[in-house]
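Trainee: Take this structure first; my questions come after.
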């Protein structure tokens, strides 16, 4: 690159002034159940990785004093050092979402079992209510993982090739950079679905005239977009994988098979039916899932 | 107050850009808008409104410009994070030293780079607010336009209009012009006009090469580089003129080294005024002559004094001439009309009739996809377009195969065969360039067997040569080039198969056009085409002996061909194993195909990917899913030798089993559906074929346009819906219009005649200039001995078509006005 080109790029970067979107607050939503507590190791680790302040938002039904809560959750000092404890007032879901909106660059962490009224294939009522309010970034996990410690070595970045998926790229790259984890960018060539029509979409090719040329070119193109989407960070190692099938179940299968620690995916803000891909991934991936809200 | 434009260039004779544009347009061309210079008819324009960065790779491909010698992607001059500007010169392949690497079309320095600074702030889509932005590809004039209105962070509004072209009249000449207007600000504007070579190219420059300037033309900046792995040099010469209406003359600085040219021009612009930067670039390579640098300098010395207007005018005129014989007009479907012009535009942009040592790669010169390699696509899907619109281009493409015949013979010999075995993928030398392995999307490493097994390419080339010969009667080509290929390809087929105890000649271990099934025996397409090739080889020998005995004598001696050998070809053709069942009327695609697991493709619809991606490489081989037209393609190409009742039967059998995993497939299905009269099916496939690039969501236009699919679209219209067939003694038509089409008119070149065909729902009219009579046929059996200079019309009747009636030719009806 010539000096003139370097100057040009530097000037554009300086002028376009990208905001620092590094997570600064982790909001852990807890009620007074053991299930909700399973989110703690994840929230705690994320707080450490981001060097963010951990806010514990208590949304249990009874008012409990802070000290009692800490005792009842059996939270030791190591896990909650520096945590800010917030007591809910009013509607619990609105409280959590309001809190995340008030904080700078927040990330919400919660267990799918938060709340009590659960239908088949539905999450806890409070989790459902919180997500109905479309938080910008949230990590969801199922209670099956228990309270065992959580680390981050492998991240699965789900990308359907549409610009709507792009917002997931930066957060995946951020975490990979902070943790040293590798990122597997996965694209599911879906059956039973129309090709995305959004401008700039790059779904798996419909025509593969000569695979020896198409696939390397497609992979390069895909990764260029991933890089342009914010993935180019020092030390971040990306892999690309394409599989065919139903998006939700395939993603979950790969997450389990590859021993993934976190799935990162864009979320359009709705999951009306129980079998939508996002729910399927959250339920079956066997690891926490970071949902990054993206207007679709 | 109007001020005269002040040229910064030292040439006193410079016109202003505005004046020059006016000369071209013969009207008051507004400097900031395309005006008369850009075609106004929307059916000739491809417009990309706004700016979506993620879509930039596809947009660059679709908006590529080219002239068969050089191609350039439609990138933004200032770039963006997803921009991939690229310039390619046909035939300039580089070869890496990495083991297992194959030659690839070299990415040459981007000559379109212009960065603009306004009071030291970059003018970029990434900063500030884009108020208006569009790219317009003028298909009629082969010109790429850009209009951009931008408000920066300081509220300064700047308007920019730019155009560029690769001259079709002078293939070494490239033009780029930028007009900038400071709408509401007075600022210092700095243009950085640049051209940069990639580091790897620079490091391989000839050691004795130094940046040189021509003392007679100090404004001309040169850049030369050596092609890695080849003894080839490419030289660029660039000259820029900055014209503006301000009072203060600008400052100018130039920087050049062996890797880049950078010219900085700075002007002070008052609010409401404009300035113009126009750049003239000349490109030569050592393939064109021993001294590319000197050629480039000499070229600019000739071009610059004549001015940009003259160059633009010649280019526009050349494009208009091309369209006279290439434009299909369709009334009643604007989307398809534009798609047809888009297809012809890119095909014309890809071919160079003056260079018979290059061919058209799978993505033409519009992108790096397929490394610029040439496949059967060119002969089967693109050459027919050129045969009937611009035969010299078709001849050049076929001569490329003649010049690479030695490599094909080497390949045959190395594989243990005789004659010529053409490579599956070919580049500059004609040697096999198919990569040996690939990493599948699943991560699996797969061996690529096409180079070894997809042998039908040899017959496809022979087929195209015969079509050209039949349609042009170009004796010089046939005797001096075509015949040898026909003979050597027939000889290959005579050695590729085996006579077996069943008394048939079998060809085993092949891959047919349906590449989902590898290493199959007796692929119907391959065997049918091989038999055809053997027959034409024998016929060629007879033709030469009868009409050009000296040529036969020379050729037979050189090739050590005997009459016995060529007679044997006929015999082998007659015992070729053709897996046809007269009861079912079906050709079995290959031995054992009918036993494959049946998959109902409808169960997978809608789907967002090719079937092999969904099912996987191993699984799909066990199914009856066909990748692309295979038997169906054979029934089209060998129409006259396929039983009429078998044509439709095979289409109806294979069509529902075809996954269309190749961009070559929809057009052939549209064509065949039209021919057998299934118009609903034909319409559906025609739409698919038209959307392969323009649909923008197929996932692989970034590497360039699908040149063969574009040729296929043209064929679907001409050979399918118009039902045109060239025969040994004449031509025939079987028109089938879709219900909403009001008129389909097309020019066709056939045996030096410029035919003009106009089809309406109830009539077909064919004008036939020229002298020699020929047979003019129409579906249903009516035919007439057509005389030159007349027009013939037939009307649809309740049962089909009526007889031809001769009428007087009329200007406007029988030729383009």
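Trainee: According to a simple spin-label model (label point 7 Å from Cα along Cα-to-Cβ), what is the distance in nm between residue A:120 and residue B:506?
Mentor: Calculated label separation equals 5.6 nm.
Trainee: Largest first, please: the extent of the C-alpha atoms of the protein assembly as shown along each principal axis, to the nearest Å.
Mentor: Largest first, the protein assembly as shown extends 108, 83, 64 Å along its Cα principal axes.
Trainee: May I ask for the Kirkwood hydrodynamic radius of region B:542-697, worked out over all distinct Cα pairs and given in angstroms to one decimal?
Mentor: On the way: mean 1/r = 0.0543 Å⁻¹.
When all Cα pairs of region B:542-697 are included, the Kirkwood radius is 18.4 Å.
Trainee: Where does region B:113-194 land on the Kirkwood hydrodynamic radius, alpha-carbon pairs, in angstrom? Working shown, then result.
Mentor: Numbers: mean 1/r = 0.0726 Å⁻¹.
Averaging 1/r across every pair of different Cα atoms and inverting gives 13.8 Å.
Trainee: Direction-averaged shadow area of the convex hull around the Cα atoms of region A:229-296, nm²?
Mentor: Numbers: hull surface 21.6 nm².
Mean projected area of the Cα convex hull: 5.4 nm².
Trainee: Follow-up question, since we're still on this one. Rounded to a whole number, what is D in µm²/s for region A:154-293 from Stokes-Einstein with the Kirkwood radius over alpha-carbon pairs (4 °C, 1.567 mPa s)?
Mentor: Details: Rh = 15.1 Å.
For the chosen part, D equals 86 µm²/s.
Trainee: Can I ask one more? With a cut-off of 8 Å between alpha carbons and a minimum separation of six or more residues, what is the relative contact order of chain B in percent?
Mentor: 10
Trainee: Which order do peptides B:507-515, B:50-58 fall in by mean Cβ count within 10 Å, highest first?
Mentor: Numbers: B:507-515: 23.2, B:50-58: 21.1.
In decreasing order of mean packing, B:507-515, B:50-58 become B:507-515, B:50-58.
Trainee: Which FRET efficiency value, to the nearest 0.05, is calculated for residue A:105 and residue B:134 with the Förster distance at 41 angstrom and r the Cβ-Cβ distance?
Mentor: On the way: r = 37 Å, r/R0 = 0.89.
My answer for the efficiency is 0.65.
Trainee: At 0.36 nm per residue, minus the direct Cα-Cα distance, what do residue B:571 and residue B:354 gain on full extension? Give it in nm, one decimal, please. Mind dumping the intermediate values first?
Mentor: Details: separation 217, 0.36 × 217 = 78.12 nm, distance 3.98 nm.
Taking 0.36 nm per residue and subtracting the Cα distance, the gain is 74.1 nm.
Trainee: Hey, what's the Kirkwood Rh for region B:395-521 if you take every pair of different alpha carbons, in angstrom? Intermediate results must be reported in sequence, preceding the final value.
Mentor: Values: mean 1/r = 0.0640 Å⁻¹.
After inverting the mean inverse Cα-Cα distance, the result is 15.6 Å.
Trainee: Can I ask one more? Quick one: if you stick a label point 7 Å off each Cα along the C-beta vector at residue B:798 and residue B:298, how many nm between them?
Mentor: For the pair residue B:798/residue B:298, the computed spacing is 7.3 nm.
Trainee: Next up: Summarise the partner chain shielding of B:259-269 as one whole number: the mean count of Cβ atoms from other chains within 10 Å of each residue's Cβ. Each step should come with its number before you reach the end.
Mentor: On the way: counts 1, 5, 0, 4, 0, 1, 0, 0, 0, 0, 0.
The mean count of partner-chain Cβ atoms within 10 Å per residue comes to 1.
Trainee: Right, something else. Report the Stokes-Einstein translational diffusion coefficient (µm² s⁻¹, integer) for region B:722-817, Rh taken as the Kirkwood radius over Cα pairs, at 4 °C with viscosity 1.567 mPa s.
Mentor: Values: Rh = 13.3 Å.
The Stokes-Einstein estimate is 98 µm²/s.
Trainee: Rg and Dmax of region B:44-108 over Cα atoms: what are they, in angstrom?
Mentor: Looking at region B:44-108, its Cα Rg and Dmax stand at 14.3, 46 Å.
Trainee: On average, how many beta carbons from a partner chain sit within 10 Å of the beta carbon of a residue in B:656-668? Can you show the working numbers first?
Mentor: On the way: counts 0, 0, 0, 1, 2, 6, 4, 6, 2, 2, 1, 0, 0.
Mean shielding count: 2.
Trainee: Hey, another quick one. Short version: what are the Cα gyration tensor semi-axes of chain A, square root of 5 times each eigenvalue, largest first, in whole Å?
Mentor: Values: eigenvalues 235, 106, 56 Å².
Ellipsoid semi-axes (Å, largest first): 34, 23, 17.
Trainee: Next question. Quick one, what does Rg over Rh come out to for region A:202-259 if you take C-alpha atoms and the Kirkwood Rh? The partial results should precede the final answer.
Mentor: Details: Rg = 13.3 Å, Rh = 13.3 Å.
Taking Rg over the Kirkwood Rh, I get 1.01.
Trainee: Ok, one more. Can you compute the radius of gyration and Dmax for region B:434-497, using only the Cα atoms, both in Å?
Mentor: 16.9, 52
Trainee: Pairs of Cα atoms under 8 Å, at least six residues apart: use those to get the relative contact order of region A:154-293, whole percent. Display every interim value, and only then the final one.
Mentor: Values: 254 pairs, mean separation 47.1, N = 140.
Relative contact order here is 34 percent.
Trainee: Still on this structure: For region B:450-601, compute Rg over Rh where Rg is the Cα radius of gyration and Rh is the Kirkwood radius from the inverse mean 1/r over Cα pairs.
Mentor: On the way: Rg = 16.9 Å, Rh = 16.4 Å.
Taking Rh as the inverse mean 1/r over Cα pairs, Rg/Rh reads 1.03.
Trainee: What translational diffusion coefficient, to the nearest whole µm²/s, does region B:606-750 have by Stokes-Einstein, given a Kirkwood radius computed over alpha-carbon pairs, a temperature of 25 °C and 0.890 mPa s viscosity?
Mentor: Working: Rh = 16.1 Å.
Answer, rounded: 152 µm²/s.
Trainee: With no solvent and one point per C-alpha, what does the Debye sum give as log10 I(q)/I(0) for chain B at q = 0.07, 0.09, 0.10 Å⁻¹?
Mentor: Scattering profile of chain B, log10 relative to I(0): -0.56, -0.91, -1.10.
Trainee: Another question about this same structure. Measure off 7 Å from each Cα along the Cα-to-Cβ vector at residue A:257 and residue A:197, then give the distance between these two points in nanometres to one decimal.
Mentor: 3.3
Trainee: Let me ask something else. What is the average number of partner chain Cβ atoms found within 10 Å of a Cβ in B:275-287?
Mentor: Per residue, the number of nearby Cβ atoms from other chains is 0 on average.
Trainee: Which peptide among B:604-617, B:349-362, B:737-750 comes first, and what is the full order, when sorted by highest mean count of other Cβ atoms within 10 Å? Walk me through the numbers before you get to the answer.
Mentor: Numbers: B:604-617: 21.1, B:349-362: 24.6, B:737-750: 17.9.
Ranking, from highest mean packing down: B:349-362, B:604-617, B:737-750.
Values in this text are rule-based calculations from the coordinates and carry no lab data. This is a predicted model, so every value here is computed, not measured. Positions of Cβ are backbone-derived with ideal geometry, glycine not excepted, and every protein chain shown enters the neighbour counts.
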